[in-house]
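The values are calculated or read from the model by the stated rules, or taken from the named source; none is laboratory data. Given the structure is predicted, the values throughout are model-derived calculations rather than measurements. Glycine gets a Cβ as well: all are built from the backbone with ideal geometry, and neighbour counts include every protein chain shown.
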Amino acid sequence: MIEREHIAPEELIDYVHGELAPADDARVYAHLSACTSCSEAHEGETQLTEILREHARLSEREMPPGLADGIYAAIRERRISPWHRFAELLRPAVLVPSAAAVAIALYFGIVSTQGTAHANAIDATYYLEDHAVLGTTVPFDDGSIAPTMLTSDETR
Amino acid sequence: MAAPRKPFEPSTPEQTAFLERAVEQYGKATYNFAFRLTRNDADARDLTQEAFIRVYRAWRSFKPGTSFLSWVYRIVTNLHRDELRRRKGRYLEEIPDDNEPQAFGGDRPLAIQPIEEYVEGQLSEPVSKALDALSPEQRRIVVLADIEECSYQEIAEIVGCSIGTVRSRLHRARGQLRKLVNRYMKSSS
(Lines give C-alpha, C1' and ligand atoms only; values in the text may rest on other atoms or scores of the structure.)
Protein backbone atom coordinates (compact mmCIF):
# COMPACT_ATOMS: atom_id res chain seq x y z
CA MET A 1 0.00 0.00 0.00
CA ILE A 2 1.35 3.42 -0.91
CA GLU A 3 1.18 6.07 1.77
CA ARG A 4 -0.73 9.19 0.87
CA GLU A 5 1.55 11.37 2.97
CA HIS A 6 4.62 12.64 1.14
CA ILE A 7 8.09 11.72 2.24
CA ALA A 8 9.63 14.36 4.50
CA PRO A 9 12.70 16.08 2.97
CA GLU A 10 14.83 14.89 5.92
CA GLU A 11 13.82 11.30 5.32
CA LEU A 12 14.54 11.68 1.63
CA ILE A 13 18.08 12.87 2.38
CA ASP A 14 18.62 9.91 4.68
CA TYR A 15 17.27 7.66 1.96
CA VAL A 16 19.69 9.10 -0.63
CA HIS A 17 22.55 8.46 1.79
CA GLY A 18 21.39 4.91 2.50
CA GLU A 19 20.82 5.70 6.16
CA LEU A 20 17.28 4.47 6.64
CA ALA A 21 16.38 1.29 8.45
CA PRO A 22 15.46 -1.51 5.98
CA ALA A 23 11.71 -1.23 6.64
CA ASP A 24 11.73 2.56 6.15
CA ASP A 25 13.94 2.22 3.11
CA ALA A 26 11.45 -0.17 1.53
CA ARG A 27 8.52 2.11 2.39
CA VAL A 28 10.21 5.16 0.80
CA TYR A 29 11.21 3.12 -2.24
CA ALA A 30 7.63 1.98 -2.75
CA HIS A 31 6.28 5.48 -2.27
CA LEU A 32 8.71 7.04 -4.76
CA SER A 33 7.64 4.67 -7.49
CA ALA A 34 4.05 5.91 -7.17
CA CYS A 35 4.39 9.59 -6.20
CA THR A 36 5.56 12.05 -8.86
CA SER A 37 6.07 14.91 -6.44
CA CYS A 38 8.28 12.90 -4.09
CA SER A 39 10.03 11.29 -7.02
CA GLU A 40 11.01 14.72 -8.33
CA ALA A 41 12.19 15.76 -4.88
CA HIS A 42 14.21 12.57 -4.70
CA GLU A 43 15.71 13.29 -8.08
CA GLY A 44 16.69 16.75 -6.82
CA GLU A 45 18.48 15.29 -3.79
CA THR A 46 20.24 12.67 -5.86
CA GLN A 47 21.31 15.28 -8.36
CA LEU A 48 22.70 17.57 -5.68
CA THR A 49 24.91 14.74 -4.46
CA GLU A 50 25.97 13.91 -8.02
CA ILE A 51 26.80 17.55 -8.69
CA LEU A 52 28.94 17.69 -5.55
CA ARG A 53 30.77 14.50 -6.49
CA GLU A 54 31.29 15.69 -10.04
CA HIS A 55 32.61 18.99 -8.78
CA ALA A 56 34.95 17.19 -6.39
CA ARG A 57 36.17 14.96 -9.22
CA LEU A 58 36.82 17.91 -11.50
CA SER A 59 38.55 19.95 -8.82
CA GLU A 60 40.63 17.11 -7.41
CA ARG A 61 44.22 18.14 -6.91
CA GLU A 62 47.48 16.30 -6.93
CA MET A 63 49.49 16.47 -3.75
CA PRO A 64 51.60 19.63 -4.15
CA PRO A 65 55.24 18.94 -4.95
CA GLY A 66 57.38 19.32 -1.88
CA LEU A 67 54.56 18.70 0.60
CA ALA A 68 55.73 15.19 1.46
CA ASP A 69 59.31 16.42 1.86
CA GLY A 70 57.99 19.27 3.98
CA ILE A 71 56.31 16.76 6.29
CA TYR A 72 59.52 14.74 6.68
CA ALA A 73 61.59 17.90 7.20
CA ALA A 74 59.18 19.20 9.85
CA ILE A 75 59.48 15.89 11.70
CA ARG A 76 63.28 15.95 11.54
CA GLU A 77 63.22 19.50 12.84
CA ARG A 78 61.13 18.58 15.84
CA ARG A 79 62.98 15.42 16.70
CA ILE A 80 64.81 15.50 20.03
CA SER A 81 68.57 15.98 19.63
CA PRO A 82 71.15 14.97 22.33
CA TRP A 83 71.69 18.67 23.00
CA HIS A 84 67.94 19.13 23.42
CA ARG A 85 67.87 16.32 25.96
CA PHE A 86 70.70 18.01 27.88
CA ALA A 87 68.98 21.40 27.61
CA GLU A 88 65.80 19.80 28.93
CA LEU A 89 67.70 18.82 32.08
CA LEU A 90 68.76 22.42 32.60
CA ARG A 91 65.20 23.74 32.59
CA PRO A 92 64.35 25.28 36.02
CA ALA A 93 61.37 22.97 36.32
CA VAL A 94 63.71 19.99 36.13
CA LEU A 95 66.90 21.49 37.53
CA VAL A 96 65.56 22.91 40.81
CA PRO A 97 63.80 19.74 42.02
CA SER A 98 66.78 17.65 40.89
CA ALA A 99 69.23 19.88 42.76
CA ALA A 100 67.02 19.78 45.83
CA ALA A 101 66.84 15.99 45.65
CA VAL A 102 70.62 15.72 45.32
CA ALA A 103 71.15 18.12 48.25
CA ILE A 104 68.76 16.15 50.46
CA ALA A 105 70.40 12.89 49.47
CA LEU A 106 73.85 14.28 50.22
CA TYR A 107 72.74 15.64 53.59
CA PHE A 108 71.22 12.39 54.74
CA GLY A 109 74.11 10.49 53.25
CA ILE A 110 76.61 12.46 55.32
CA VAL A 111 74.56 12.28 58.51
CA SER A 112 74.06 8.56 58.20
CA THR A 113 77.73 8.03 57.40
CA GLN A 114 78.78 9.98 60.47
CA GLY A 115 76.27 8.16 62.64
CA THR A 116 77.57 4.82 61.50
CA ALA A 117 81.17 5.82 62.12
CA HIS A 118 80.33 6.85 65.68
CA ALA A 119 78.52 3.66 66.38
CA ASN A 120 81.41 1.67 65.04
CA ALA A 121 83.93 3.58 67.12
CA ILE A 122 82.21 2.78 70.43
CA ASP A 123 80.70 -0.61 70.60
CA ALA A 124 77.38 -0.63 72.39
CA THR A 125 78.36 -3.65 74.43
CA TYR A 126 81.05 -1.55 76.05
CA TYR A 127 78.39 0.30 78.00
CA LEU A 128 76.57 -2.82 78.97
CA GLU A 129 79.52 -4.94 79.99
CA ASP A 130 83.06 -3.58 80.26
CA HIS A 131 82.32 -0.02 81.24
CA ALA A 132 79.57 -0.90 83.69
CA VAL A 133 81.62 -3.63 85.33
CA LEU A 134 84.68 -1.48 85.62
CA GLY A 135 82.62 1.38 86.99
CA THR A 136 81.18 -0.65 89.83
CA THR A 137 84.18 -2.74 90.80
CA VAL A 138 87.23 -0.56 90.51
CA PRO A 139 86.15 2.99 90.13
CA PHE A 140 88.93 5.41 89.35
CA ASP A 141 91.41 2.61 89.72
CA ASP A 142 93.42 3.92 86.87
CA GLY A 143 94.96 6.57 89.12
CA SER A 144 92.90 9.41 87.89
CA ILE A 145 91.56 12.10 90.19
CA ALA A 146 88.05 11.46 91.35
CA PRO A 147 85.59 14.15 90.31
CA THR A 148 84.87 16.59 93.07
CA MET A 149 81.17 16.08 92.76
CA LEU A 150 81.62 12.43 93.69
CA THR A 151 83.86 13.18 96.68
CA SER A 152 81.39 15.71 98.02
CA ASP A 153 78.69 13.09 97.61
CA GLU A 154 80.75 10.80 99.83
CA THR A 155 81.09 13.43 102.52
CA ARG A 156 77.39 14.14 102.56
CA MET B 1 49.14 27.44 11.01
CA ALA B 2 50.16 28.13 14.58
CA ALA B 3 50.46 24.63 15.97
CA PRO B 4 52.30 23.66 19.14
CA ARG B 5 55.80 22.63 18.19
CA LYS B 6 56.62 19.98 20.73
CA PRO B 7 59.79 18.04 20.07
CA PHE B 8 59.55 14.30 20.08
CA GLU B 9 61.65 11.20 20.44
CA PRO B 10 63.84 9.90 17.64
CA SER B 11 61.95 7.59 15.37
CA THR B 12 62.18 3.88 15.07
CA PRO B 13 62.48 2.36 11.58
CA GLU B 14 58.91 1.01 11.91
CA GLN B 15 57.56 4.46 12.74
CA THR B 16 59.34 6.03 9.79
CA ALA B 17 58.11 3.30 7.47
CA PHE B 18 54.55 3.78 8.77
CA LEU B 19 54.70 7.50 8.07
CA GLU B 20 56.18 7.13 4.62
CA ARG B 21 53.58 4.58 3.64
CA ALA B 22 50.79 6.76 5.02
CA VAL B 23 51.99 9.83 3.12
CA GLU B 24 52.45 7.85 -0.07
CA GLN B 25 49.04 6.16 0.04
CA TYR B 26 46.86 8.78 1.68
CA GLY B 27 48.72 12.06 1.21
CA LYS B 28 46.70 13.09 -1.83
CA ALA B 29 43.33 12.19 -0.29
CA THR B 30 44.24 13.97 2.93
CA TYR B 31 45.38 17.07 1.08
CA ASN B 32 42.19 17.12 -1.01
CA PHE B 33 40.06 16.70 2.10
CA ALA B 34 41.96 19.52 3.79
CA PHE B 35 41.53 21.67 0.68
CA ARG B 36 37.78 21.03 0.63
CA LEU B 37 37.52 22.14 4.22
CA THR B 38 39.76 25.18 4.02
CA ARG B 39 39.10 26.18 0.38
CA ASN B 40 42.68 27.38 -0.08
CA ASP B 41 46.00 25.77 -0.90
CA ALA B 42 48.19 27.29 1.81
CA ASP B 43 45.90 26.26 4.65
CA ALA B 44 45.37 22.84 3.09
CA ARG B 45 49.14 22.27 2.96
CA ASP B 46 49.60 23.34 6.56
CA LEU B 47 46.71 21.19 7.68
CA THR B 48 48.02 18.16 5.79
CA GLN B 49 51.52 18.61 7.17
CA GLU B 50 50.32 18.99 10.74
CA ALA B 51 47.98 16.03 10.36
CA PHE B 52 50.80 13.73 9.24
CA ILE B 53 52.99 14.96 12.07
CA ARG B 54 50.20 13.87 14.42
CA VAL B 55 49.97 10.57 12.58
CA TYR B 56 53.70 10.11 13.09
CA ARG B 57 53.54 10.92 16.77
CA ALA B 58 50.50 8.79 17.47
CA TRP B 59 51.26 5.99 15.05
CA ARG B 60 50.97 3.33 17.75
CA SER B 61 47.40 4.37 18.50
CA PHE B 62 46.28 3.45 14.98
CA LYS B 63 44.43 0.15 15.15
CA PRO B 64 45.26 -2.14 12.23
CA GLY B 65 42.12 -3.20 10.44
CA THR B 66 40.38 0.14 10.98
CA SER B 67 40.11 2.85 8.35
CA PHE B 68 43.24 4.96 8.15
CA LEU B 69 41.35 7.64 6.21
CA SER B 70 38.72 7.97 8.93
CA TRP B 71 41.54 8.37 11.44
CA VAL B 72 43.41 10.97 9.45
CA TYR B 73 40.18 12.81 8.56
CA ARG B 74 39.37 13.01 12.23
CA ILE B 75 42.81 14.51 12.87
CA VAL B 76 42.37 17.00 10.00
CA THR B 77 38.87 17.92 11.20
CA ASN B 78 40.08 18.57 14.75
CA LEU B 79 43.05 20.59 13.56
CA HIS B 80 40.84 22.62 11.27
CA ARG B 81 38.37 23.29 14.04
CA ASP B 82 41.19 24.36 16.38
CA GLU B 83 42.58 26.62 13.71
CA LEU B 84 39.21 28.25 13.14
CA ARG B 85 38.90 28.89 16.86
CA ARG B 86 42.34 30.47 16.86
CA ARG B 87 41.33 32.71 14.00
CA LYS B 88 38.05 33.58 15.65
CA GLY B 89 38.25 37.17 14.57
CA ARG B 90 38.68 36.26 10.95
CA TYR B 91 36.29 33.37 10.60
CA LEU B 92 33.22 32.99 12.71
CA GLU B 93 32.33 29.36 12.86
CA GLU B 94 28.63 29.01 12.68
CA ILE B 95 27.40 26.03 14.61
CA PRO B 96 23.72 25.67 13.92
CA ASP B 97 21.32 24.99 16.73
CA ASP B 98 20.07 21.52 16.03
CA ASN B 99 16.73 22.20 17.64
CA GLU B 100 15.86 24.91 15.19
CA PRO B 101 13.40 24.03 12.46
CA GLN B 102 15.09 22.79 9.34
CA ALA B 103 15.47 25.37 6.63
CA PHE B 104 15.34 23.75 3.25
CA GLY B 105 16.06 25.70 0.14
CA GLY B 106 12.97 27.27 -1.27
CA ASP B 107 14.09 26.71 -4.84
CA ARG B 108 13.93 23.02 -4.37
CA PRO B 109 14.02 21.72 -7.91
CA LEU B 110 17.68 21.87 -8.59
CA ALA B 111 16.60 18.68 -10.19
CA ILE B 112 15.07 18.15 -13.57
CA GLN B 113 17.96 19.89 -15.33
CA PRO B 114 20.38 17.14 -16.32
CA ILE B 115 23.85 17.23 -14.81
CA GLU B 116 25.40 17.02 -18.27
CA GLU B 117 24.40 20.64 -18.74
CA TYR B 118 26.68 21.72 -15.96
CA VAL B 119 29.83 20.00 -17.02
CA GLU B 120 33.13 21.49 -16.10
CA GLY B 121 33.09 25.29 -16.23
CA GLN B 122 29.33 25.71 -15.93
CA LEU B 123 29.06 23.42 -12.96
CA SER B 124 32.25 24.34 -11.26
CA GLU B 125 31.78 28.00 -10.42
CA PRO B 126 28.33 28.02 -8.79
CA VAL B 127 29.10 24.91 -6.75
CA SER B 128 32.48 26.25 -5.78
CA LYS B 129 30.99 29.55 -4.65
CA ALA B 130 28.20 27.79 -2.81
CA LEU B 131 30.69 25.60 -0.94
CA ASP B 132 32.72 28.70 -0.08
CA ALA B 133 29.60 30.36 1.29
CA LEU B 134 28.69 27.50 3.63
CA SER B 135 29.80 27.74 7.23
CA PRO B 136 32.88 25.57 7.99
CA GLU B 137 30.70 23.25 10.06
CA GLN B 138 28.18 22.76 7.27
CA ARG B 139 30.91 22.34 4.66
CA ARG B 140 32.62 19.69 6.79
CA ILE B 141 29.44 17.63 6.99
CA VAL B 142 28.63 17.98 3.28
CA VAL B 143 32.17 17.07 2.24
CA LEU B 144 32.18 13.98 4.45
CA ALA B 145 28.68 12.81 3.53
CA ASP B 146 28.48 13.63 -0.16
CA ILE B 147 32.04 13.76 -1.44
CA GLU B 148 33.89 11.35 0.83
CA GLU B 149 30.78 9.15 1.00
CA CYS B 150 31.14 8.49 4.71
CA SER B 151 28.25 6.96 6.64
CA TYR B 152 26.54 8.99 9.35
CA GLN B 153 28.27 6.78 11.91
CA GLU B 154 31.69 7.50 10.41
CA ILE B 155 30.94 11.23 10.23
CA ALA B 156 29.85 11.22 13.86
CA GLU B 157 33.16 9.60 14.82
CA ILE B 158 35.23 11.94 12.67
CA VAL B 159 33.47 15.13 13.74
CA GLY B 160 32.88 14.02 17.32
CA CYS B 161 29.13 14.37 17.63
CA SER B 162 26.02 12.19 17.66
CA ILE B 163 24.44 10.62 14.59
CA GLY B 164 21.37 12.78 15.22
CA THR B 165 23.52 15.89 15.05
CA VAL B 166 25.12 14.70 11.82
CA ARG B 167 21.69 14.10 10.36
CA SER B 168 20.25 17.48 11.30
CA ARG B 169 23.39 19.36 10.23
CA LEU B 170 23.45 17.58 6.91
CA HIS B 171 19.79 18.33 6.25
CA ARG B 172 20.32 21.98 7.01
CA ALA B 173 23.56 22.22 5.03
CA ARG B 174 22.05 20.65 1.93
CA GLY B 175 19.10 23.02 2.08
CA GLN B 176 21.48 25.93 2.33
CA LEU B 177 23.68 24.55 -0.42
CA ARG B 178 20.80 24.06 -2.79
CA LYS B 179 19.69 27.63 -2.24
CA LEU B 180 23.19 28.94 -2.84
CA VAL B 181 23.83 26.87 -5.97
CA ASN B 182 20.56 28.07 -7.48
CA ARG B 183 21.42 31.65 -6.60
CA TYR B 184 24.90 31.50 -8.15
CA MET B 185 23.61 29.70 -11.22
CA LYS B 186 21.04 32.42 -11.79
CA SER B 187 23.58 35.19 -11.26
CA SER B 188 26.06 33.59 -13.65
CA SER B 189 23.51 33.01 -16.42
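Summary of computed values
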quantity: Scan of segment B:22-41 for residues that are basic (Lys, Arg) and modelled with pLDDT of 95 or more, ordered by number; calculated: B:LYS28, B:ARG36
quantity: Residues located in segment B:24-35, provided they are at the interface with another protein chain (Cβ under 7 Å from one of its Cβ atoms) and closer than 18 Å to B:ALA130 by Cα; calculated: B:ASN32, B:PHE35
quantity: Residue in segment B:127-144 that is farthest from the other protein chains (Cβ to nearest Cβ), counting only those that are touching a residue at least 60 places away in the same chain (Cβ under 8 Å) and touching a Leu at 6+ places or on another chain (Cβ under 8 Å); calculated: B:PRO136
quantity: Residue match in segment A:112-126 (condition: modelled with pLDDT under 90 and in contact with a Pro (Cβ under 6 Å, 6 or more places away or on another chain)); calculated: no
quantity: Breaking point among (1) within 12 Å of chain B (Cβ to nearest Cβ); (2) out of contact with any strand residue (DSSP E or B) (no Cβ under 9 Å at 6 or more places or on another chain); (3) of a type in the set (Val, Ile, Thr), for A:ILE75; calculated: (2)
quantity: Lone qualifier among A:GLU62, A:GLU45 - being under 50 Å from the mean Cα position of the chain (by Cα), within 8 Å of chain B (Cβ to nearest Cβ), under 30 Å from B:GLY27 (Cα atoms) and not aromatic (Phe, Trp, Tyr); calculated: A:GLU62
quantity: Criterion: among the small types (Gly, Ala, Ser), within 50 Å of the chain's Cα centre (by Cα) and more than 7 Å from chain B (Cβ to nearest Cβ) - qualifying residue of A:ALA26, A:ALA21; calculated: A:ALA21
quantity: Identity of the residue in segment B:158-167, touching a residue at least 24 places away in the same chain (Cβ under 8 Å) and buried (at least 20 other Cβ atoms within 10 Å of the Cβ), that ends up nearest to A:ILE51 (Cα to Cα); calculated: B:VAL166
